[in-house]
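The values are calculated or read from the model by the stated rules, or taken from the named source; none is laboratory data. Bear in mind the structure is a predicted one, so any value in this text is a computation, not a measurement. Methodologically, a virtual Cβ is constructed for each residue, glycine included, from the backbone with ideal geometry; neighbour enumeration extends over all protein chains shown.
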Amino acid sequence: MAVTESKDTFYVYILECVDHSLYTGYTTDIDARINKHNAGLGAKYTRGRRPVTLRYVEMYDTKSDALKREYAIKQLSKQAKMKLIGG
């Protein structure tokens, strides 16, 4: 999934792990973050569940909005997250 990046953009993303679990996170550089996850340098959760695949991304103008959305997505059930990502 190609994403146009800007240093004033904040991203909320959902990854699908190799075990089909989902991970939601926040970053300012989506490509670098996905590479970190796949290198085993990302979140503890994804380290043993590699490789990960970017399944969904939203862009925000403020860190606050991105973090609020990340929290909201994390509160969703897996079924609701799958519907969000179109799966």
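Odds and ends about this structure:
Rundown of residues vs (1) within 11 Å of the chain's Cα centre (by Cα); (2) among the basic types (Lys, Arg), yes/no style:
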position: Arg49; (1), (2): no, yes
position: Val52; (1), (2): yes, no
position: Ser77; (1), (2): no, no
position: Met82; (1), (2): no, no
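- For region 42-75, filtering for residues that are out of contact with any His (no Cβ under 8 Å at 6 or more places or on another chain) and farther than 25 Å from Asp8 by Cβ leaves 8.
- Filtered residue count, region 34-53, keeping only those that are crowded, with 20+ Cβ neighbours inside 10 Å and either at pLDDT 95 or above or in a strand (DSSP E or B) (or both): 4
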